[in-house]
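> A single structure is presented below for examination.
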Amino acid sequence: MTYNSAAPLREYWAAERPAHVEWIVVDNGSTDDSVQVAKSLGATVISVEQNIGFSAANNRGLTSASGDDIAFVNPDVRVDYADLAQLSNAIAELGGLVSPQLLNTDGTLQPNGRGAPLLAHKVLNRATSEDRGNGYRLLAAPTERRSVFWLIGAVVAGDAETIRALGGWSERFFLYYEDKDISIRAWRQGHAVTLLGDLTWTHGWARETTHFRLMPWVRELDSLFRFYSLYPEFLLGGRLVRRRHPLASAQSGKLVDSE
């Protein structure tokens, strides 16, 4: 999904793409030249006249995609195409949802795996860049595969059949919290959610709420309210979370044995 994303498209998507890889860009009414840039780089572009949101745009792409495996990738992520065969093998082996371990632009590990989305952990995460040791920020070392409660939405991949059986992305969320929701629904249907440490892609992480701009914060707070209304057990945590999310609670943070 793109929305005024011409600059990250030029920076992260300029590499030559293998002919067998289908790249679909759903543009949410950008006012810059995102559409033209994406087309010039070889994408199949679906242009939407207005901003319909992250989830709805992802679902438009899902409807149009023809591949057996699908990866939803932000415009500020650099895909390593050499990894795609290994990514597909991991999807076939593990099922459910997977993501490469993401890297910051300085090469350090980015915690794109997360533990249970407790409100207290969410607040602490936004308040400090330090790991509080509470199992919320999860990483996978180069030789590891780690189960996580949820994956941040910068990269979420899986086989098309599974993602469609999940119902795609929930359009009750315009932006933010949809990644928590789809991961939770995957666990509830018996699918694993896994961070792959043997694959690493760079993520620029151009989050709109890093600095104060009114509309991104309004959208985040709206999604926060919607999420915790849908999953009130995460307001307090503890036994209720374990009872309602037994599989995710039991597996999150654990290493996965490779075959």
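> Would you confirm whether any residue within the stretch 65-83 is of a type outside the set (A, V, I, L, M), without any contact (Cβ under 8 Å) to a residue 40 or more places away in the chain and touching a strand residue (DSSP E or B) at 6+ places or on another chain (Cβ under 7 Å)?
Restricting attention to the stretch 65-83, the residues satisfying the condition of being of a type outside the set (A, V, I, L, M) are 66-69, 72, 74-76, 78, 80-81, 83.
Narrowing further to those that are without any contact (Cβ under 8 Å) to a residue 40 or more places away in the chain: none.
For the stretch 65-83, residues of a type outside the set (A, V, I, L, M), without any contact (Cβ under 8 Å) to a residue 40 or more places away in the chain and touching a strand residue (DSSP E or B) at 6+ places or on another chain (Cβ under 7 Å): absent.
> Filter the stretch 170-189 down to the residues that are touching a residue at least 60 places away in the same chain (Cβ under 8 Å) and acidic (Asp, Glu) and list them by number.
Within the stretch 170-189, Glu171, Glu178 meet the criteria.
> Arg164 versus (1) under 26 Å from Asn4 (Cα atoms); (2) open to solvent by 60 Å² or more (accessible area, probe 1.4 Å); (3) of a type in the set (D, E, K, R); (4) part of a helix (DSSP H, G or I): which is the lone unmet condition?
(1)
> OK, next. Within the group Ala7, Ala43, Ala38, which residue is at pLDDT 95 or above and either of a type in the set (Lys, Arg) or closer than 19 Å to Trp201 by Cα (or both)? So that I can check it myself, show each step before the final result.
Details: Ala43 fails: either of a type in the set (Lys, Arg) or closer than 19 Å to Trp201 by Cα (or both); Ala38 fails: either of a type in the set (Lys, Arg) or closer than 19 Å to Trp201 by Cα (or both).
Selected residue: Ala7, the only one of Ala7, Ala43, Ala38 that is at pLDDT 95 or above and either of a type in the set (Lys, Arg) or closer than 19 Å to Trp201 by Cα (or both).
> Where residues in the stretch 98-129 are part of a helix (DSSP H, G or I) and over 28 Å from Asp83 (Cβ atoms), which of them is modelled with the lowest pLDDT?
Taking the stretch 98-129 first, the residues part of a helix (DSSP H, G or I) are 119-127.
Filter once more, so that each one left must be over 28 Å from Asp83 (Cβ atoms): 119-124, 126-127.
Values: Leu119: 95, Ala120: 92, His121: 91, Lys122: 88, Val123: 86, Leu124: 84, Arg126: 73, Ala127: 70.
The residue in question is Ala127.
> Quick one: in the stretch 53-93, of everything that is aliphatic (A, V, I, L, M) and open to solvent by 40 Å² or more (accessible area, probe 1.4 Å), which residue is nearest to Gly29 (Cα to Cα)?
Ala71
> Are any of the residues in the stretch 195-215 modelled with pLDDT of 95 or more and in contact with a Gly (Cβ under 7 Å, 6 or more places away or on another chain)? Working first, answer last.
Of the residues in the stretch 195-215, the ones modelled with pLDDT of 95 or more are 195-204.
Cutting the leftovers down to in contact with a Gly (Cβ under 7 Å, 6 or more places away or on another chain) gives us 195.
Among the residues of the stretch 195-215, at least one is modelled with pLDDT of 95 or more and in contact with a Gly (Cβ under 7 Å, 6 or more places away or on another chain), which makes the answer yes.
> Here's another thing I want to ask about it. Could you check Ser183 against (1) at pLDDT below 95; (2) of a type in the set (Gly, Ala, Ser); (3) buried (at least 20 other Cβ atoms within 10 Å of the Cβ) and say which number it fails?
The one condition Ser183 does not meet is (1).
> Mind listing whichever residues of the stretch 125-161 are over 15 Å from Gly113 (Cα atoms), of a type outside the set (S, T, N, Q) and open to solvent by less than 50 Å² (accessible area, probe 1.4 Å)?
Result: Gly158, Asp159, Ala160.
> Of the residues that make up the stretch 70-91, is at least one closer than 25 Å to Phe234 by Cβ, of a type outside the set (Asp, Glu) and out of contact with any helix residue (DSSP H, G or I) (no Cβ under 9 Å at 6 or more places or on another chain)?
In the first step, residues of the stretch 70-91 are kept if they are closer than 25 Å to Phe234 by Cβ; the result is 72, 74.
Adding the requirement that they be of a type outside the set (Asp, Glu) leaves 72, 74.
Adding the requirement that they be out of contact with any helix residue (DSSP H, G or I) (no Cβ under 9 Å at 6 or more places or on another chain) leaves none.
No, the stretch 70-91 contains no residue that is closer than 25 Å to Phe234 by Cβ, of a type outside the set (Asp, Glu) and out of contact with any helix residue (DSSP H, G or I) (no Cβ under 9 Å at 6 or more places or on another chain).
The values are calculated or read from the model by the stated rules, or taken from the named source; none is laboratory data. Since the model is a prediction, treat every value here as computed from it, not as a measurement. Here the Cβ is made from the backbone with ideal geometry for all residues, glycine too, and neighbour counts use every protein chain on show. Just the protein is used for accessible areas: all its heavy atoms, side chains included, with ligands, DNA and RNA removed. Shrake-Rupley method; radii C 1.70, N 1.55, O 1.52, S 1.80 Å.
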